[in-house]
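Enquirer: Have a look at this one.
The values are calculated or read from the model by the stated rules, or taken from the named source; none is laboratory data. Because the structure is a prediction, the values reported are computed rather than measured. Methodologically, a virtual Cβ is constructed for each residue, glycine included, from the backbone with ideal geometry; neighbour enumeration extends over all protein chains shown. These area figures cover heavy atoms from the full protein model, side chains too; ligands, DNA and RNA do not enter into them. Shrake-Rupley method; radii C 1.70, N 1.55, O 1.52, S 1.80 Å.
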Amino acid sequence: MGKSSVVIYNVSKQQYTPTFKIFFFLLPISLAFTTFLLIFIYIYSTSRVFTNPQASPYLEPATNSSLFEQLFSFSTDNEETIPFSVDNTAEDLFFDLPRTASYAKQNQWSVGLGDLFGLFSGYNMSNTEIYHDTDIFLEDYKEMNKSFKIFVYPHKPDDPFANVLLPVDFDPKGHYASELYFKKALVNSHFITTDPNEADLFYMPFSIADMRHDPRIGPEGLQDFIKDYISNISHKYPYWNRTGGADHFYVACHSIGRIAMDKAVEAKENSIQVVCSSTYFVAGYFPHKDVSMPQIWPKEQDPKNLVSLKRNQLAFFAGQVNSPVRAALLKHWRNDTEVFAHLGRLETDDGEQQLRSKFCLHVKGFEVNTARITDALHYGCVPVILANHYDLPFADILNWKSFSVVVHYMDIPVLKKILQGISLEEYSWLQSNVLKVRKHFKWNVPPVDYDAFYMAMYELWLRRSSVRVRLSASREYI
């Protein structure tokens, strides 16, 4: 008989008191009951937000309005109600409701999400390098500069749609300048090849921003235009058909670019989308395939003395309330003396506030992207990113934790505590890294090494195919 069998046999022969037997019998039952009770409490607490709208830290208590009205409106001091669309609000609230439900009392927050579990004790200084791997990046960058080739589908100046297909002859301005700067820089760069067999990728040069304003196309005709464009190049050239468009790309900085390919499904699923509205909450954007482009509002001059500048304001934000996230921010912080949260545009230049602030808030509006991140970097202000599911620009290359602070929507009520919890030493290296990465978020004419153009090209280079499909001589386009 084995040793274990002997032990069991001897134990079974022992005589125990009735009290011990009862305890031995009740112990597993007690454990089972406790486990069941804990599971029940968890299920009840995570479902409260659906039955009790006041459990959400984003919502004002209301007795005479429906849950829908609470979710999709925000009242300002003058009782003006700002509506939100279902599409723009879904990501902000519904996707995160199970997480927010754990914090039922909106005015009793004293700690952030990390503090609840003892995870947040200052900022993580374990990796202060701005690149994920500096050596690999620099080595690959040289190879990219030497060998990467792009074929641009040719169009003549007398093309009826030359205004949306050819690069502009001026320096672009405004929110969507990145789209136009990229095209202008690419067509004049050493990356261009006129031999398609040398090409790693193929560029479809239509401009989403220009198509929106062309009365012949407009937002309502954009999908048909792109569908016809792809049909034309696939019949005139053999390059699209050999890969199903997988080695093709287009650039769009306006959010309407998200639906531009709805009638060209093959392009949406296969082609590389270089877009500013890069959120993986929305179907159709794939971070491993697509590229996040920074939204940059070009500035004419660089501010001086960014290193020695005294910043006596903790944080700054100004903007329209066009999302529940911004509504929550203004609800909690619009009257604070250290967090400057302003509804609407300032009468003066935002740059003055950013120069005197330690942290500048990028808060999701209609989309996850705005130019506020690059504005913050321009003025030497550490970006605080409140945009869940945002695939941050150049994230394959840059270590965003080394120069920015990413905050979840849930932690808006304790935002000030989180920022104040960052020590002077931690803030110093965050801002030092801000000054190092600024060059990656600038457009230059002509492009300068490591600027926004070259960073975008590097992201495309990472997505090139390692196997180039060469056509037979009889099928090559001449």
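Enquirer: Mean separation of Cα pairs under 8 Å and 6+ residues apart, divided by the residue count of region 313-442: what relative contact order is that in percent?
Expert: In percent, rounded to a whole number, it is 23.
Enquirer: Label points 7 Å out from Cα along the Cβ direction at ASN270 and LEU346: separation in nm?
Expert: Those two pseudo-labels are separated by 4.9 nm.
Enquirer: Something else: Report the net charge of residues surrounding PRO446, where surrounding means a beta-carbon distance below 13 angstrom and charges are Lys +1, Arg +1, Asp -1, Glu -1.
Expert: Neighbour charge sum, excluding PRO446 itself: -1.
Enquirer: Accessible area per residue for region 313-442 in Å², computed with a 1.4 Å probe and the full protein assembly in place, what is it?
Expert: 32
Enquirer: Subtracting the Cα-Cα distance from 0.36 nm times the residue separation, let me have the gained length for VAL307 to LYS146 in nm, one decimal.
Expert: 54.4 nm
Enquirer: For the pair ASP262 and GLU338, what calculated FRET efficiency results from E = 1/(1 + (r/R0)^6), where r is the Cβ-Cβ distance and R0 = 41 Å, to the nearest 0.05?
Expert: After rounding, the FRET efficiency stands at 0.35.
Enquirer: Run the numbers for LEU462 and GLU426: contour at 0.36 nm per residue of separation, minus the present Cα-Cα distance, in nm.
Expert: Stretched fully, the LEU462-GLU426 segment lengthens by 9.8 nm.
Enquirer: Can I ask one more? Between GLU129 and ASP158, what is the label-to-label distance in nm when each label sits 7 Å out along the Cα-to-Cβ direction?
Expert: Going by the 7 Å Cα→Cβ label model, 5.6 nm.
Enquirer: Sticking with this structure for a sec: Using 7 Å Cα-to-Cβ label points, what is the LEU138/ASP169 separation (nm, one decimal)?
Expert: Roughly 4.2 nm, to one decimal.
Enquirer: Okay, moving on. In region 313-442, what percent of the accessible surface is made up of carbon and sulfur (1.4 Å probe, ligands and nucleic acids excluded)?
Expert: Summing carbon and sulfur atoms, their accessible area is 47 percent of the total for region 313-442.
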